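Chemist: Attaching a single structure in structure tokens format; questions to follow.
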Amino acid sequence: MAADMDEHETKIVNEFCHQLEKSKQLFNGLRDLPQYGHRQWQSYFGKTFDVYTKLWKFQQQHRLVLDHKYGLKRWQIGEIASKIGQLYYHYYLRTSETNYLNEAYSFYSAIRGRAYYSRTNKDDNRPDMMVKKLRYYARFVVVCLLLKKMKLVKDLVRELGRHVEEYTSTYKPEDQLEWSMVLSEIHSFIEADSVVSVLDVDSNHVVLSHRLDPLTVPPVERTPSMCLSLQEILVVGNCAEQAKFSELTIDMFRMLQTLEREPQEDWAAQQLRNENGDSGRTVGKRENPHKYLLYKPTFSQLMAFLASGFKELPANGAMLLYLSADGSFSTPKHNDDPGYDFGGVVTNSKKELDTQGRWQVSRHRSRGKPLFVIADSNNSVVFQNVPNYFGQTLVILMSPQYVPEAYQEEQSKGSLFTLFLHSPLMALCFIFNLASLRGHVWDKGQAIVNRFMAEAARLVTSCRSIDPAYIQFFGDDFLRLLLLRYIFCVVVLRYHCAFKGCQYQPRAQPALPESGLLDQPSLHKLLVELASLLDSRHLLLQPLPSPKATPPIAQA
């Protein structure tokens, strides 16, 4: 081919090859970057983005020459677009900014819309190209799940299923069982996420988003005591029975959305920019706290991420540690360190040498920072024994140890406690055994939940006996919302007939006051109103304060 090219065409092909090789080297180098710490990876990501931006524009500007003189295939263009989509997705994971999800979606959607991979299975009889196609589909599914594009998710899963069948029947590959498991995981994950169906007037499913928006969290008049701001988050998941996909358990999936604001980017404008070849990064004000998602981290990894997160905290910054994990039970051997002698949670089944010793070292060498802990486990109760060694603001919310037997078969759908923190109304419907609601009933129920949150916020700020730690965290939108949803969970489970017994009740450290907050008639009244709306008043303990007479609206 080189003999058929003039000097200008040769220069174009050589430049394209150079940029392509450079982009691959930079992309592969991303694997070696530490996931924790902002400064170590940010400049490298920027350099990689710049190279791919240049490559993407270059192949668009010189497509005719590259098609005829280089033999550029459509799947190769798809590979470049897929890499850019992966860059945006991983940038989202590292920055927590949901706008980058929109960017990833734009490129993945373009690959499908322009059928870049349509002839992958026919070109050169290469199974590795089919694997690239399958991996692209799996990544696109994750992005669409996070953006709640459920109709598209179902279409993609059907297409992925056809491609997996074609791949396995054509090549009889060694990894066919792995791809069957991927499909099975996706189906289980989608089913687990569908706890309650909300239906419109035509009985179509309404897709709900549970990210924070201005209507989600009640405003509060800030005082000088509300001095802390959530800046760093560790979301840890390791529950053996839970549905998972792509290193995300269903609990992790729900919590990461709960800790993000609704994206404000104009998608149409964004996609138009990408159509014009602009794959540059969106630069804007950071709206979300930075978070790490850790699926089955080892002890060493967890300590490294914790240390890095604390190091990155600015003045008046706070960290949230969310643990969704199976319990690790032990018999206390002595009482000189009660906070660490009653077991804990299992984040990874791998054994590491001298974990206790390294924990002691890291504990005594670290400088304390404000910490908000959510422990969702069947051994969560041990966290109430954790002492505050550093004298810093510390709040721990603990899940119930158990759920009643009637709900134990649903463990794959995630923890009830996390569901309350993610969507209080959905959790309430679940324990009221409501599989579906009409949209107008959901909206009325959500309005009552919002009134409950506003009343709980008023009680928290006016309660004189509440621990000052709660007030310090209360100025942050995300932490305020989590605390208010925790209070909703406490009130609901305390008065639900099936949750009798302390093992079915959540706990908090420091303890929240009963009088002045949890036992307030105003909260109980709103719960009764909500139960009546859902025609489930009979599931609450009697007697309870009765609200003003309002006719119940059945879920149908």
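Chemist: In segment 303-360, which residue that is open to solvent by 50 Å² or more (accessible area, probe 1.4 Å) and within 28 Å of Phe478 (Cα to Cα) is modelled with the lowest pLDDT?
Modeler: Asp326
Chemist: Is segment 157-171 home to any residue that is in contact with a helix residue (DSSP H, G or I) (Cβ under 6 Å, 6 or more places away or on another chain) and modelled with pLDDT under 90?
Modeler: yes
Each row is one residue, and each column tells you yes or no for (1) in a strand (DSSP E or B); (2) modelled with pLDDT of 95 or more; (3) more than 30 Å from Asp202 (Cα to Cα); (4) not basic (Lys, Arg).
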{"position": "Gly391", "(1), (2), (3), (4)": "no, no, yes, yes"}
{"position": "Leu397", "(1), (2), (3), (4)": "yes, yes, yes, yes"}
{"position": "Gln401", "(1), (2), (3), (4)": "no, no, yes, yes"}
{"position": "Met426", "(1), (2), (3), (4)": "no, yes, no, yes"}
{"position": "Gly445", "(1), (2), (3), (4)": "no, yes, no, yes"}
{"position": "Asn450", "(1), (2), (3), (4)": "no, yes, no, yes"}
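Chemist: Out of Arg63, Arg114, Arg119, Arg31, I need the residue that is within 22 Å of the chain's Cα centre (by Cα), surrounded by fewer than 17 Cβ atoms within 10 Å (Cβ to Cβ) and either over 18 Å from His290 (Cα atoms) or of a type in the set (Phe, Trp, Tyr) (or both). Which one?
Modeler: Within the list Arg63, Arg114, Arg119, Arg31, the selection yields Arg31.
Chemist: Give segment 502-521 a look and list any residue that's assigned to a helix (DSSP H, G or I) and of a type in the set (Gly, Ala, Ser), or say none.
Modeler: Scanning segment 502-521 gives Ser515, Gly516.
Chemist: Answer with yes or no whether Phe452 is open to solvent by less than 20 Å² (accessible area, probe 1.4 Å), touching a Leu at 6+ places or on another chain (Cβ under 6 Å) and either within 20 Å of Arg222 (Cα to Cα) or among the acidic types (Asp, Glu) (or both).
Modeler: When the stated conditions are applied, Phe452 passes them.
Chemist: Which members of segment 162-196 meet the condition of being in a loop (DSSP other than H, G, I, E, B) and of a type in the set (Asp, Glu)?
Modeler: Glu174, Asp175, listed by residue number.
Chemist: Could you tell me which of the residues Gln384, Gln472 is surrounded by fewer than 18 Cβ atoms within 10 Å (Cβ to Cβ) and either part of a helix (DSSP H, G or I) or touching a helix residue (DSSP H, G or I) at 6+ places or on another chain (Cβ under 6 Å) (or both)?
Modeler: Gln384
Chemist: Right, next: Which one of Met181, Met150, Met226 is in contact with a Phe, Trp or Tyr (Cβ under 7 Å, 6 or more places away or on another chain) and on the phi < 0 side of the Ramachandran plot?
Modeler: Selected residue: Met226, the only one of Met181, Met150, Met226 that is in contact with a Phe, Trp or Tyr (Cβ under 7 Å, 6 or more places away or on another chain) and on the phi < 0 side of the Ramachandran plot.
Chemist: Follow-up. Please work out if Glu265 is closer than 20 Å to Lys149 by Cβ, at pLDDT below 85, of a type in the set (Asp, Glu) and out of contact with any Asp or Glu (no Cβ under 7 Å at 6 or more places or on another chain).
Modeler: It is true that Glu265 is closer than 20 Å to Lys149 by Cβ, at pLDDT below 85, of a type in the set (Asp, Glu) and out of contact with any Asp or Glu (no Cβ under 7 Å at 6 or more places or on another chain).
The values are calculated or read from the model by the stated rules, or taken from the named source; none is laboratory data. This structure is a prediction, so every number in the text was calculated from the model and none was measured. Using ideal geometry, Cβ is built from the backbone for each residue, glycine included, and neighbour counts are taken over all protein chains shown. We work out accessible area using only protein heavy atoms, side chains counted, and drop any ligands, DNA or RNA first. Shrake-Rupley method; radii C 1.70, N 1.55, O 1.52, S 1.80 Å.
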